[in-house]
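Asker: Handing you this structure, nothing more for now.
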Amino acid sequence: QKEVEQDPGPLSVPEGAIVSLNCTYSNSAFQYFMWYRQYSRKGPELLMYTYSSGNKEDGRFTAQVDKSSKYISLFIRDSQPSDSATYLCAMLGGYGNKLVFGAGTILRVKS
Amino acid sequence: EPEVTQTPSHQVTQMGQEVILRCVPISNHLYFYWYRQILGQKVEFLVSFYNNEISEKSEIFDDQFSVERPDGSNFTLKIRSTKLEDSAMYFCASRGEADTQYFGPGTRLTVL
């Protein structure tokens, strides 16, 4: 079983839609959860960072963590064509300070 | 806003040659990392560096790889004898006291 699983998509939505992106993980040692956005051939850009179960909101973005189910989500409200990118979930565990990434979900928002 | 910078943006080299990839982390950060991403694959951890020594490295980071912080601002990744399979995007990241890592724009390494 992979440590972090993420559906690679692509996910195609119309402008203005609510987008839901998800990751599951198997390692209970993961305590910190991040979402990065990556445009083609660019570096990952940090979007959201959470360390506890529950929701965290920042503008149009909401990150949700359910540690009991080992499941994290990123919701994007009122999606825009500029949101078209690859979204990477990443996790940090107690045994080291390396990030473990999901495969990334390609999102396309059509105008 | 402070950011991580990397040079060069693209490096082309012949198999067996040495390459050095350079990074300037965010100035007050203490922890430094290298990751790589082979085209179409996930971002993979290579090495972390703190207090002038390697704190963790992955199986990928074998004897052909080394890292150095030669001065107060640069952080380098050296690949001694490049292989075709080293072709990838290499990302430098840094973090301060919090757990959030900030990534540079990457260096695309092409080994011919």
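No lab work stands behind these numbers, since they all come straight from the coordinates. All of these numbers come straight from a predicted model, not from anything done at the bench. Counting neighbours? That spans all protein chains shown, and the Cβs are built from the backbone with ideal geometry, glycine included.
Asker: Specify which residue in the list A:84, B:45, A:62 is farthest towards the positive end of the charge dipole of the protein assembly as shown, using unit charges on the beta carbon of Lys, Arg (+1) and Asp, Glu (-1), about the Cα centre.
Answerer: Result: A:84.
Asker: If I model a spin label as a point 7 Å beyond the Cα along the Cα-Cβ vector, how far apart are those points for residue B:97 and residue A:67 in nm?
Answerer: Placing both labels 7 Å along Cα→Cβ, they lie 2.3 nm apart.
Asker: Here's something else I'd like to know. Compute the FRET efficiency between residue A:53 and residue B:74 as 1/(1 + (r/R0)^6), taking r as their Cβ-Cβ distance and R0 = 41 Å, and round to the nearest 0.05. Write down the numbers at each step before the final one.
Answerer: Working: r = 40 Å, r/R0 = 0.97.
After rounding to 0.05, the efficiency reads 0.55.
Asker: Nothing charged except the Cβ atoms of Lys and Arg (+1) and of Asp and Glu (-1): what's the magnitude of the dipole of the protein assembly as shown about its Cα centre? Round to the nearest 20 debye.
Answerer: 380 debye
Asker: Within 10 Å of each Cβ in peptide A:34-46, how many partner chain Cβ atoms are there on average? Round it to a whole number, please. Please list the in-between numbers first.
Answerer: Numbers: counts 3, 0, 3, 0, 6, 0, 0, 8, 6, 16, 11, 3, 5.
That works out to 5 on average.
Asker: On average over all directions, what projected area in square nanometres does chain A have, based on the convex hull of its Cα atoms? If you can, show how the numbers build up before the last one.
Answerer: Values: hull surface 26.6 nm².
Spelled out: convex hull of the Cα atoms, projected over all directions, averaged, 6.7 nm².
Asker: Another question, if that's okay. Only Lys, Arg, Asp and Glu count, each charged at its Cβ (+1, +1, -1, -1), so figure out the dipole size of the range A:40-102 about its Cα centre, rounded to 20 debye. Don't skip to the answer; put the middle values down first.
Answerer: Details: 8 positive and 6 negative charges, 48 e Å.
Using Cβ point charges on Lys, Arg, Asp and Glu, the range A:40-102 gives about 240 debye.
Asker: Here's another thing I want to ask about it. How large is Rg/Rh for the range B:41-85, to two decimals, with Cα atoms and a Kirkwood Rh?
Answerer: On the way: Rg = 11.5 Å, Rh = 11.7 Å.
Taking Rg over the Kirkwood Rh, I get 0.98.
Asker: Roughly what would the spin-label model give for residue B:28 and residue B:9, points 7 Å off Cα along C-beta, in nm?
Answerer: Spacing of the two 7 Å Cα→Cβ label points: 3.0 nm.
Asker: According to the square roots a ≥ b ≥ c of the eigenvalues of the Cα gyration tensor, what is the shape class of the protein assembly as shown, taking rounded for a/c under 1.5, prolate for a/b larger than b/c otherwise, and oblate for the remainder? If you can, show how the numbers build up before the last one.
Answerer: On the way: a/c = 1.83, a/b = 1.50, b/c = 1.22.
It is prolate, given that a/c is not under 1.5 and a/b is the larger ratio.
Asker: Inside 10 Å of the C-beta atoms of B:30-42, what's the mean count of C-beta atoms belonging to other chains?
Answerer: On the way: counts 0, 1, 0, 3, 0, 6, 0, 7, 0, 1, 3, 3, 11.
Going residue by residue through B:30-42 and averaging, the value is 3.
Asker: Right, here's the next one. Along the charge dipole of chain B, Cβ charges K/R +1 and D/E -1, which of B:34, B:6, B:87 sits furthest on the positive end?
Answerer: It is B:87.
Asker: Then there's this: Along the Cα→Cβ direction, 7 angstrom out, place labels at residue B:18 and residue A:78. What is the inter-label distance in nm?
Answerer: Taking the two extended label points, one gets 5.5 nm.
Asker: For chain B, state what percent of all Cα-Cα pairs lands in each successive 10 Å bin, counting from 0 Å until the bin that includes the largest distance.
Answerer: For chain B, the pair-distance distribution reads 15, 51, 29, 4.
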